[in-house]
Every structure is written in C-alpha cells, then in structure tokens.
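The values are calculated or read from the model by the stated rules, or taken from the named source; none is laboratory data. No experiment lies behind these values; they were computed from the predicted model shown. In this analysis, Cβ positions are derived from the backbone assuming ideal geometry, glycine residues included, and neighbour counts consider all displayed protein chains.
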Amino acid sequence: MVKNKILLWITVTILMISMPVSAADWPQWRGPFFNGSTSEKNLPDSFSQTEGVVWVSPLPGPSGATPVICNSRIFVSSTIKGEPNFVAMCFDARNGRQLWKKNIGSDTRRFPRNNAASPSPVTDGKYVFFLYGSGHLVGFDYEGNKLWSRNIEDEYGNLALQFGYSSSPFLYKNKLFILVVRRNKPYREPWSDTPLDSYLMALNPQTGKTIFKQQRKTNAFDEGMETYSTPIPFIRNKRTEILNTGADFITAHNPDTGKELWRFEYHTNKVRDTRIIPSLVTGDGLIFGARHKHGGVFALQPPNPNNQSQARIIWDYHGPSPDASTPLYYLNRLYVLNGVKQGKVVTCLEPKTGSEIWQGTIGGRGPWRASLTGADGKLYCINETGEVVVLAAGGNEFKIIFQTKINEPPIQSSIAVADGRLFIRTAQNLYCIGK
C-alpha cells in the first residue's frame, strides 16, 4: 500500500514537472486545451473601453494574430502601420509594460483582408516562436535573445495562399509543428518553375532543425488545395495523432515521424474553391470540422486503429455555420458562429448527435470572423468593428449577458484568457480586462 502511494506520488510529480504550461495560461491560439476554452474563473461579466481595464499598451499596427500568454509574459505578432515591416513583441502581463520588440522582416505583397502577421505565436513557458506569412520563422528565449531563424518560403517555395498564409505553429511534446497546405501554383511572386507541394513539418524547438517534413497529397485543385487552419493533437487509445484539415481531406499523422496514419475525404465533389479556414476541434472522442464557405459542420468518428478505413461522418449540420471562425468545444457542447450570413448567429449543438440545443442572433454591424472563446461559463465574441457580445454557456437557451464595443477596428484576433483576465488585441492597442 505504501509502495503504491509512493509510485502514485512520483507519477503525479513527473506529470506536473513535464507540463510546460498551466490551465491559467493561453500558450497558443486556441488556448491550453486546443479547443478555444480554458478552466479560468472569476472573469469579468461586463466592461467597456474604459471600465474594467487593468492596462492598455500600444501596438504598432493591425494583425489577426491572437496574443499568447504564459508565465506572466504576453507575446504578440504585429505589422507596423504604413510599412511593409513586421515585429515580434513581448509584454509583462501584470502591468502591460513592453519588455522587448524585435524587427523580423518585411513583405511588400498585399493580401486581401489579411497581412503577413496573421499566424499567432506559440510558447512553452521558456521559449517563444513566431511565424509570418512571408515564411519568416524565429525562436526566442523569454529575454528576447534569438535562438535561431529560418524562412520556410525561401527553403520550400511560395506559401501560395490566395489570402496570405495564416496557419499558426503549435508545440507538442518538444516538437514545433508547421503546416503548409497550399495551391501548387503561386498567385504572386516568388514564382515557381515546378509544382509546389503541401507538407506537415516538425522542428526541434531549441535548434530550429527539421525533425521531419511529411508531404501531404490531395486530389483537390486550384483554391481548393489551400487551408488557413492550424493542426491540433488528438489523443485516443493511449496514442497521439496530429490532425489537420484542408484540400478536401482530414489527415492524421504520427507525431514522431510525420507518417500519415489515416485520411478521410470529406469533400468528394471537386470544385475550385473548397479552401478551409477553420481548424478542427475534438471532444467526446469525435473530430469536428467545418466545410468551406458556410457549408456546414460535421462530426467525424475516427477509424479503429486496426482498420484505418472505418472513419465516417456520424452527423452533418447544415444550419448557419462559419466560413472563418473555428468551432468551440466547451462544457460538453459544440458552439458554432456564423458571423457573416444568415443573421449572424451562434448555435449550440449536442456534440454526439449534432442536434440543435439553442440558436440566437448576435447581430452587429461588422463581420464576426474571430473564433469564440469559452471561459467561466461564458462565451466571448468579438467582431471586426470591435463589438463584443458575452453569452451564457452550458445552458439550454440563448442568453446575452452583456454587450459593449471597443472602437479600434479592424479587430481580427480572438479573445485570449489568462490569470483571471481577458486580453483583447485591436488594430491599435493590447487591452487587459479584469475585475
């Protein structure tokens, strides 16, 4: 009995030591659980551009990158307004003081409704990594010392997405994962004499050296070959798979080798524009994905490890659905935001069946393209004009708790949560909101 208690204590201690971040952090763009939610409590029910603001720090320009927070540091990717340059920045989460700012590079190419600083950074509590639509990929320690730098566009060709490369890097078990799912012909310079491939790549975070680069094939064509989504880890049967979506397929990969374990073709009728923006999300042992351009969401039952051909869609939801926003899995519910068409509505679905629990209109003048954030029993939503709606989560009816506006458009970044506070990134400032 004593021996078992000692073994249990050792196991728990090892797990605690090996965890790079806590639930109180927001270390990558979809939070600590890779699903848009956090276990943080005591968050503000109401606030404004001046009320409930702990601090405000100026930013040099707009970006769709979500701030990431870990160990009292905030990391932000940003453009510089009126210039082709972009920077990596670090702030003290306690008081908003800028600790460092690093010039990364520049890109004179213009992307519709987007810019080169769209991918969110990612951190493990000791190091932080920034990726840009120009292909610049840089690692820093927490004091701003550069560990290494690469340019994946220089190495592997034009990132070749019509609206600019936007997939965020993510860290898992001491590997830095980068996804490039792109058109085989560039839209703009630099041009390529040979067809471009798509790939999932893993790097050593300390050195930046490639661990593997796994080609990802498709039978999609033209814009349908592209994705703006970010990979996520999926743990089942005591095994981890790296999932990604786009180019008409969901694929699962071995995190150690990159080898493709299985794939599912969710779009068999090939058309030109089936590009995917939302990332996948998992819950209840299922994989939830979005079809292109408000085409619905679905739940995929992954295959049996002994028969990789058995993956199947168990439900399809054809109601108001997103083009850009990643669905949120929170409190055993799936939340879907359609922020452009069909009334600008949020829908709550039962994850195992896809049945609609509630649906409500959030309205607003601007489009809602940022993804939902789930925390403290609430859903936090923000649109491009700065309108904020806070909804009640987990119940059986649509309920608006609070509405306000932060008038500093365009706002394309999702709301991040850490240490009992909200972090909202506008085109001009970084806001810390708390009680």
Original post:
Name the pairs: first residue in segment 71-93 and free of Cβ contacts under 8 Å to residues at least 24 places away in the same chain, second residue surrounded by 24 or more Cβ atoms within 10 Å (Cβ to Cβ) and assigned to a strand (DSSP E or B), Cβ to Cβ under 9 Å, at least 6 apart or on different chains?
Top reply: Ile80/Phe86; Asn85/Thr79; Asp92/Ile74
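Quick check: is even one residue across segment 131-140 assigned to a loop (DSSP other than H, G, I, E, B) and of a type in the set (Phe, Trp, Tyr)?
Yes.
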**OP:** Could you list, in sequence order, all residues of segment 336-351 that are modelled with pLDDT of 95 or more and surrounded by fewer than 16 Cβ atoms within 10 Å (Cβ to Cβ)?
**Re:** Glu350
Subject >> Long-range neighbours under 9 Å by Cβ, at least six apart or interchain, first residue touching a residue at least 24 places away in the same chain (Cβ under 8 Å) and outside any strand (DSSP E or B) within segment 407-425, second crowded, with 24+ Cβ neighbours inside 10 Å and of a type in the set (D, E, K, R) >> reply: Ile411/Arg425; Gln412/Arg425; Ser413/Arg425; Ser414/Arg30; Ser414/Arg425; Ile415/Arg425; Asp419/Asp25
Original post:
Only one of (1) of a type outside the set (Ser, Thr, Tyr); (2) crowded, with 21+ Cβ neighbours inside 10 Å; (3) part of a loop (DSSP other than H, G, I, E, B) fails for Glu143. Which number is that?
Top reply: (2)
**OP:** Could you check segment 238-347 for strands (runs of 3 or more DSSP E) lying wholly inside it with 2 or more residues that are under 27 Å from Pro119 (Cβ atoms) and of a type outside the set (Asp, Glu)?
**Re:** 239-246, 249-253, 260-265, 281-283, 286-290, 297-301, 328-330, 333-338
Original post:
Quick one: would you say Tyr228 is closer than 19 Å to Pro119 by Cβ and in contact (Cβ under 8 Å) with a residue 24 or more places away in the chain?
Top reply: yes
**OP:** Mind counting the residues in segment 392-420 that are surrounded by 17 or more Cβ atoms within 10 Å (Cβ to Cβ), closer than 21 Å to Pro32 by Cβ and out of contact with any Pro (no Cβ under 8 Å at 6 or more places or on another chain)?
**Re:** 5
Subject >> Residue pairs meeting the criteria (Cβ under 9 Å; at least 6 apart or on separate chains; first over 13 Å from Asp419 (Cβ atoms), in segment 26-37; second outside any strand (DSSP E or B) and among the basic types (Lys, Arg)) >> reply: Gly36/Arg30; Ser37/Arg30
**OP:** Please work out if Ser309 is among the polar types (S, T, N, Q) and surrounded by 17 or more Cβ atoms within 10 Å (Cβ to Cβ).
**Re:** no
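Here are some residues: Gly105, Gly125, Gly82, Gly135. Which one is within 20 Å of the chain's Cα centre (by Cα), surrounded by fewer than 24 Cβ atoms within 10 Å (Cβ to Cβ) and over 13 Å from Gly164 (Cβ atoms)?
On inspection, the qualifying residue turns out to be Gly125.
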Original post:
Of everything in segment 15-42 that's in contact with a Lys or Arg (Cβ under 8 Å, 6 or more places away or on another chain) and modelled with pLDDT under 95, which residue is surrounded by the fewest Cβ atoms within 10 Å (Cβ to Cβ)?
Top reply: Asn42
**OP:** Would you confirm whether any residue within segment 372-387 is part of a loop (DSSP other than H, G, I, E, B), hydrophobic (A, V, I, L, M, F, W, C) and farther than 19 Å from Gly289 by Cβ?
**Re:** no
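How many residues does segment 209-237 contain that are in a strand (DSSP E or B) and of a type in the set (Ser, Thr, Tyr)?
The initial filter retains those residues of segment 209-237 that are in a strand (DSSP E or B), namely 210-215, 227, 232-236.
Next, from what is left, pick out any that are of a type in the set (Ser, Thr, Tyr): 210, 227.
Number satisfying all stated conditions: 2.
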Original post:
Does Asp197 meet the test of being more than 18 Å from the chain's Cα centre (by Cα), free of Cβ contacts under 8 Å to residues at least 12 places away in the same chain, surrounded by fewer than 21 Cβ atoms within 10 Å (Cβ to Cβ) and closer than 20 Å to Gly157 by Cα?
Top reply: no
**OP:** Among the residues of segment 352-377, write down those that are at negative phi and surrounded by fewer than 20 Cβ atoms within 10 Å (Cβ to Cβ).
**Re:** Lys352, Thr353, Ser355, Glu356, Ile357, Trp358, Gln359, Gly360, Thr361, Arg365, Gly366, Pro367
**OP:** Pull up segment 220-267, narrow it to residues that are closer than 22 Å to Pro322 by Cβ, touching a strand residue (DSSP E or B) at 6+ places or on another chain (Cβ under 9 Å) and charged (D, E, K, R), then point me to the one that is surrounded by the most Cβ atoms within 10 Å (Cβ to Cβ).
**Re:** Glu226
